[in-house]
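Some notes on the structure that comes next.
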Amino acid sequence: MAYLDQFLQIIVKHGGSDLHIAEGHPPKMRVHGDIMPIRAEQISHEEATQMMSEICGPHNWEIFNQRGDLDFAYEMDKASRFRSNYFKQSNGYGATFRLIPTKIATLEDLGVPLVIKEFANFRGGLVLITGPTGSGKTTTQAALIDYINQNFAKHVVTIEEPIEFVHENKRSAITQREVPGDSSSFAAGLKAALREDADIVLVGEMRDLETVSLALTAAETGLLVFGTLHTNNARKTVDRMVDVFPADRQPQARVMLANSLRGVVAQLLLKRADRPGRIAVNEILIANAAVAAIIREGATQKLQDVIISGKAQGMQFMDDAVWELLEKGIISPHEAFMKAIDKNRFKPFLSPEDEALANAAGAVPDDEKRLPGNFVKPLATRARV
């Protein structure tokens, strides 16, 4: 058993999603969106070094110390797998570990709009799954890939950093490639997929010009490409895809995106008010002739009207989805206000206390709820495991 495992076991036991460790700070975990300390004592350099070096291996540890960051997946046991990110910070070493469910949830389990199954039927084009860090994009992507795996005979290539959900071949053949171990970059993996007889390619992150450009080209030439961006809604997603290009290439990029885009699934996670936990909420854009024309014109402010008027086709505007959860009492007015695009729509439902909190948003840190007692003692006061 690695020394770090005792901390990760606490995450599993208490239904946490993330473990945060950093020299000079107590170890903390995220539970239902809130950060809370696991113990009061700070992590020393010796303790951080043992925690981190032991599980990543000498080669990765050397890479981390050279580059200052590292991404990999760590399997504590058959039931617990973690996405690991190492980084250097002002006080020394730091790391975050995200628990990855070993069982891939279905789209029905996740409660996302089932219209997104229709994206699996396209023979080519671009589908963008977007949202901020920690919004469950990867979980939704995995559910969609699993749906394809069960219902279609395709060759699916995934390019991820790192591989999180492991897919076993069902009706489809799944090839999972990890950056940088199996491919030097997302762009290199995408370029190689064009020569690998792929039907579908999942690109874990589209964050640079080369990757976005290759994804658009691949989508235009007949591959079905699923890509990820860190944007909150469909309009911002379209803008980001175009803005990554230099100004003189943006008109061409708009034409390529108008031709290839099939849909956008934007996702946020909201804290529940009815019971502990969080719930996903989605904006859905399904590309049609009107959407293509808007993208070509560069008039993305019109996309909201298209989404609202396209409800019968399965489209969904983010604020409408948030409103529905508020009406059902699933989320609080404060949570709805904080995540909404049009704040004024939700402001009348805030209590005076909530309004004061909302006005101070950004200046007030997340509540730090302390769990009773120390779960793990500092390295200096315990025998090493």
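The values are calculated or read from the model by the stated rules, or taken from the named source; none is laboratory data. As the structure is a prediction and not an experimental result, all values here were calculated from the model. Cβ coordinates were reconstructed from backbone atoms using ideal geometry, including for glycine residues, and neighbour counts include every protein chain displayed. Keep in mind that these areas ignore ligands, DNA and RNA; they rest on the heavy atoms of the full protein, side chains included. Shrake-Rupley method; radii C 1.70, N 1.55, O 1.52, S 1.80 Å.
Overview of results
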quantity: Filter result for Ile331 (touching a strand residue (DSSP E or B) at 6+ places or on another chain (Cβ under 6 Å), in a loop (DSSP other than H, G, I, E, B) and modelled with pLDDT of 95 or more); calculated: yes
quantity: Test for Ile279: is it open to solvent by 60 Å² or more (accessible area, probe 1.4 Å), over 23 Å from Phe122 (Cβ atoms) and hydrophobic (A, V, I, L, M, F, W, C); calculated: no
quantity: The stretch 170-216 - residue that is outside any loop (DSSP other than H, G, I, E, B) and polar (S, T, N, Q) and, of those, surrounded by the most Cβ atoms within 10 Å (Cβ to Cβ); calculated: Thr211
quantity: Residues located in the stretch 1-30, provided they are open to solvent by 20 Å² or more (accessible area, probe 1.4 Å) and closer than 18 Å to Gly277 by Cβ; calculated: Val12, Lys13, His14, Gly15, Ser17, Arg30
quantity: Close pairs from the stretch 1-30: first closer than 19 Å to Gly57 by Cβ, partner small (Gly, Ala, Ser), Cβ under 6 Å, at least 6 apart; calculated: Ile21/Ala95
quantity: Every residue from the stretch 65-107 that is open to solvent by less than 30 Å² (accessible area, probe 1.4 Å), more than 18 Å from the chain's Cα centre (by Cα) and farther than 15 Å from Leu19 by Cβ; calculated: Gly68, Gly92
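So that you can scan it fast, the table gives a plain yes or no per residue for (1) in a strand (DSSP E or B); (2) in contact with an Asp or Glu (Cβ under 7 Å, 6 or more places away or on another chain); (3) open to solvent by 10 Å² or more (accessible area, probe 1.4 Å); (4) among the charged types (D, E, K, R):
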{"residue": "Leu126", "(1), (2), (3), (4)": "yes, no, no, no"}
{"residue": "Ile129", "(1), (2), (3), (4)": "yes, no, no, no"}
{"residue": "Thr138", "(1), (2), (3), (4)": "no, yes, yes, no"}
{"residue": "Ile148", "(1), (2), (3), (4)": "no, no, no, no"}
{"residue": "Ala153", "(1), (2), (3), (4)": "no, no, yes, no"}
{"residue": "Val157", "(1), (2), (3), (4)": "yes, yes, no, no"}
{"residue": "Pro162", "(1), (2), (3), (4)": "no, yes, no, no"}
{"residue": "Glu168", "(1), (2), (3), (4)": "no, no, yes, yes"}
